[in-house]
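Trainee: Right, I'll just put the structure down here and ask away after.
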Amino acid sequence: MLSSKLARDTLAAKKRYDRWAGVFDFLEQAFELLAFHRWRRRLLTYAGGNICEMGIGTGRNVAYYPADSKVMGFDISNGMLHRLRRKHIVNDNSGLKPAVELAFMDAQYLALRDNYFDTMLATFIFCTVPDPVLALKEARRVCKPGGRLVLMEHVRINTPIA
């Protein structure tokens with residue numbers, strides 16, 4: 001159960017990304033062109049098998065998923081998920097490749113089985129997650145023993161992860 005402050009902060013993040021969903025790709029376009037797309041391509045070479053993408057957003061990583069992978073992606077923002085579906089289905093008329101199961105979920109409290117995923121993937125989400133340590137603990141819980149946590153972030157956590 002989330003504390004009331006954490007619940008308020010989480011709701012604020014959800015509302016913020018619901019508002020930004022329609023312009024998010026435009027706002028991030030310069031960063032993508034300058035570096036992020038190359039970094040994503042390289043990062044996704046470390047992902048494989050049964051992948052869970054935390055904070056899938058508008059689907060910036062979708063083009064780089066390994067073809068033979070099974071992917072489940074979630075986000076706390078329905079607006080971002082709607083944008084992802086619209087962008088990928090409208091633009092190429094074929095849906096997401098590989099097929100991606102999408103869900104509305106909070107990274108701090110995953111409604112997922114323990115030890116299920118081979119790879120937990122997250123790019124640039126921990127600056128917006130109110131309790132990043134809690135989200136990382138959840139990622140560890142649902143990742144198989146020996147699985148991978150694949151991250152691309154621009155923040156540092158000063159709290160030890162127990």
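Trainee: Is it the case, given these coordinates, that Ala35 is assigned to a helix (DSSP H, G or I) and surrounded by fewer than 17 Cβ atoms within 10 Å (Cβ to Cβ)?
Mentor: Spelling it out, Ala35 is indeed assigned to a helix (DSSP H, G or I) and surrounded by fewer than 17 Cβ atoms within 10 Å (Cβ to Cβ).
Trainee: In segment 112-133, which residues are open to solvent by 40 Å² or more (accessible area, probe 1.4 Å) and either touching a Ser or Thr at 6+ places or on another chain (Cβ under 8 Å) or at pLDDT 95 or above (or both)?
Mentor: Selection gives Arg113, Asp114, Asn115, Tyr116, Asp118, Pro130.
Trainee: List every residue pair whose Cβ atoms lie under 7 Å apart, where the two residues are 6 or more positions apart in sequence or sit on different chains, the first residue falls within segment 132-150 and is under 13 Å from Tyr116 (Cβ atoms) and in a helix (DSSP H, G or I), and the second residue, located anywhere, is basic (Lys, Arg) and open to solvent by 30 Å² or more (accessible area, probe 1.4 Å).
Mentor: Pairs found: Val142/Arg113.
Trainee: Also, I was wondering about something else. Test Thr10 against the stated conditions and say whether it is open to solvent by less than 40 Å² (accessible area, probe 1.4 Å), touching a residue at least 24 places away in the same chain (Cβ under 8 Å), within 22 Å of Pro132 (Cβ to Cβ) and in a loop (DSSP other than H, G, I, E, B).
Mentor: On the way: open to solvent by less than 40 Å² (accessible area, probe 1.4 Å): yes; touching a residue at least 24 places away in the same chain (Cβ under 8 Å): yes; within 22 Å of Pro132 (Cβ to Cβ): yes; in a loop (DSSP other than H, G, I, E, B): no.
So Thr10 does not fit the description; no.
Trainee: Okay, next question. In segment 39-50, which residues are part of a helix (DSSP H, G or I) and more than 20 Å from His88 (Cα to Cα)?
Mentor: Taking segment 39-50 and keeping what is part of a helix (DSSP H, G or I), we get 39-46.
Across segment 39-50, the qualifying residues are Trp39, Arg42, Leu43, Thr45, Tyr46.
The values are calculated or read from the model by the stated rules, or taken from the named source; none is laboratory data. Here the structure is a predicted model, which means the values were calculated and not measured. Cβ sites come from the backbone with ideal geometry, for glycine too, and all protein chains shown count toward neighbours. Please note that ligands, DNA and RNA were not included when accessible areas were found on the heavy atoms of the full protein model with its side chains. Shrake-Rupley method; radii C 1.70, N 1.55, O 1.52, S 1.80 Å.
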